[in-house]
Amino acid sequence: MNKHRTDILTFSFAGLCILCCFFLAYMPRHPTKEARNYITRIEAYEDHLAEASLEDIRTLDGMFTALDRPVLYRNRTTAACWLRFYIQLPLTDERCFISIKNASLENIDVFYPDGTRLVAGKKVDVREIAIPTRIWNLPIPDTMDTTKPVYLRVKTDSIMWVPLQITTAPQVISNSSRENLLFGLFFGIIIAIFFVNLFSYLVMSNKNFLIYMCYLLSLFLYHLRVHGFMYFVPMPFMFLESVLWISLAGVGIFMMIFAKHFLNLSRTCPQINRILNVFIGLFVIQTIFGIFISSLIANYIAYITGFLVPLIILVTSIKLYITGFKEARFYLLALFAMFTGTLIWSTAAYAEAHIPANYFFLIGTSLDSLLFTLAIFDLMRKEIGEKDIMIEREKYYINLSRTDPLTGLYNRRYLNDLVKRLESEGELPAESAMIMLDLDNFKIINDTHGHLAGDMILTKTGSKIKKHIRKTDIACRYGGDEFLVFLPGANELAARNIAESIRSDILNDFSYSEEGEEIKITVSVGVSENRMDDSFDGLFLRADAALYQAKKTGRNRISVL
């Protein structure tokens, strides 16, 4: 009950965190005052054919639309967007830059009044970019004429989100250091969790760890690519795009494969299992479009899969949790974190997120990486617990099949099986002894005082035998009131001493009948020692003959043969 209440509080807190994330991303904001101090009279124009040159654009003075802040946002478009604005440089001797905090933009061209043209964007060779940082920093010429407009052209297949800000060189360094620290922390978490899963897989050989390692590797490559860290390595854009789409497909496909195995969907939800198989195919199609056909179409598919797949898995997990799969608690929390990040990332294609959507995706994937790993361990804890129960149950039934339920000693079947195994393996001790005991006049006691009294006497006899033998000795109830003790490594003298201890203990004890009548019992004992080239059967026959002799010569005594 306490665990159930804890789960409710935890999930409620997770839901509150999700609402806070959406509020931070999409709550209304006033235009950025700091940016308006330096960028003024900003206007935008959409070149739907994406063919206009700078000279063409300068003739379209009346076609520009004024913006209320230095941020251009459009839903996905095939058009090239032009921005025209004026810059009021801050009063500083430091070098100034136009900063665009969106690493996903493909083609950026800036035209300064003095004729200087700079290029940036992820389709541009890194060697042509003036300041190779993760985001785009375009240096402003020292000869900047602030009375004339600056033109900026952007063409991209991703979200047309162009946030402009004038920064100084120290600010560029400070912002870059702060972001590198953030991403370094994120990548460190991913790497650490990867090696935790690798070590766990090597130790436990659980397939969930291997699948999740593939997911983490795909996630790591995706974030390296989408956040611009691969731009520092000169390589063909085609290769960069291949890394993007292959890693994104890896994230989605391995997330679904992990869900199929972790939640056992083929058994618990076969229909959802088939739906996820369809989405795996859709991720493959998305990758083919992204690399070879049209990244714009691939992006549309990615936003659909990025929204629906986590949602389907989340709803399915909630259903399974409610129906009794309580080990899904960490998995659900991980999905909450992932779903929040991917949902904000997906909806950013249709509504402007005031904080970069990729940041939410970054934090969400950091949390889900940790929580998914905890989910695997939580599931394994359950599986190990179930295995322990099965092992204990198996031990119980094995013990039940080889022990006498009344006395707790081994039964005759176990002794015979043990002797056969030892003989076949050549491990039967050359030096050994045997004690055979038989309760005197037990049938009379049983008939006179009842079976309950008889069972009590048998139980006490078994306890007294266990009390006086060694841990290596094997005691069993061989018949109704007949007991046998096999003593490996013992000689006749040791066997006789043990037999005497048992006989005396039984003689000095007494029991009571149901009517309160005192019952005393004695025991006859036969002892024999193994001889050269002897067999277990030969030892048994001599001990049995010794017991018969003890009975014949008056009972309550020990006979040795």
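The values are calculated or read from the model by the stated rules, or taken from the named source; none is laboratory data. Worth saying up front: this structure is predicted, and the values here are computed from it rather than measured. Positions of Cβ are backbone-derived with ideal geometry, glycine not excepted, and every protein chain shown enters the neighbour counts.
Within region 215-222, one or more residues are surrounded by fewer than 18 Cβ atoms within 10 Å (Cβ to Cβ) and in contact (Cβ under 8 Å) with a residue 12 or more places away in the chain.
Candidates Ile87, Ile140, Ile108: the one that is assigned by TED's automatic domain parsing to the domain that holds Tyr45 and within 47 Å of the chain's Cα centre (by Cα) is Ile108. Looking across Ala302, Ala298, one residue alone is surrounded by 22 or more Cβ atoms within 10 Å (Cβ to Cβ), touching a Gly at 6+ places or on another chain (Cβ under 7 Å) and either hydroxyl-bearing (Ser, Thr, Tyr) or within 26 Å of Ile363 (Cα to Cα) (or both). It is Ala298.
In summary, Ile469 fulfils each of the numbered conditions (1) touching a residue at least 40 places away in the same chain (Cβ under 8 Å); (2) of a type in the set (Val, Ile, Thr); (3) touching a strand residue (DSSP E or B) at 6+ places or on another chain (Cβ under 9 Å) with the single exception of condition (1).
Rundown of residues vs (1) at pLDDT 80 or above; (2) among the aliphatic types (A, V, I, L, M), yes/no style:
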residue: Ile18; (1), (2): no, yes
residue: Trp82; (1), (2): yes, no
residue: Leu89; (1), (2): yes, yes
residue: Asp93; (1), (2): no, no
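Every listed requirement among (1) touching a helix residue (DSSP H, G or I) at 6+ places or on another chain (Cβ under 7 Å); (2) hydrophobic (A, V, I, L, M, F, W, C); (3) under 16 Å from Lys460 (Cα atoms) is met by Phe510 save one, (1). Considering region 168-206 alone, what residues qualify as being surrounded by 13 or more Cβ atoms within 10 Å (Cβ to Cβ) and charged (D, E, K, R)? Selection gives Glu179 alone.
Counting only helices (runs of 4 or more DSSP H) that sit completely within region 442-555, those holding 3 or more residues that are more than 59 Å from the chain's Cα centre (by Cα) and within 22 Å of Gly408 (Cβ to Cβ) correspond to 442-449, 492-507. Taking the condition assigned by TED's automatic domain parsing to the domain that holds Met456, touching a Ser or Thr at 6+ places or on another chain (Cβ under 8 Å) and closer than 19 Å to Thr459 by Cβ, does Phe483 pass? Answer is yes for this residue. Residues that are in contact with a Lys or Arg (Cβ under 9 Å, 6 or more places away or on another chain) and either over 15 Å from Leu487 (Cα atoms) or not assigned by TED's automatic domain parsing to the domain that holds Asp473 (or both) within region 502-511 comprise Arg503, Asp505, Ile506, Leu507, Asp509, Phe510, Ser511, listed in sequence order.
Counted as qualifying within region 107-226 are the strands (runs of 3 or more DSSP E) with 1 or more residues that are of a type in the set (Ser, Thr, Tyr) and over 18 Å from Leu83 (Cβ atoms), namely 160-168.
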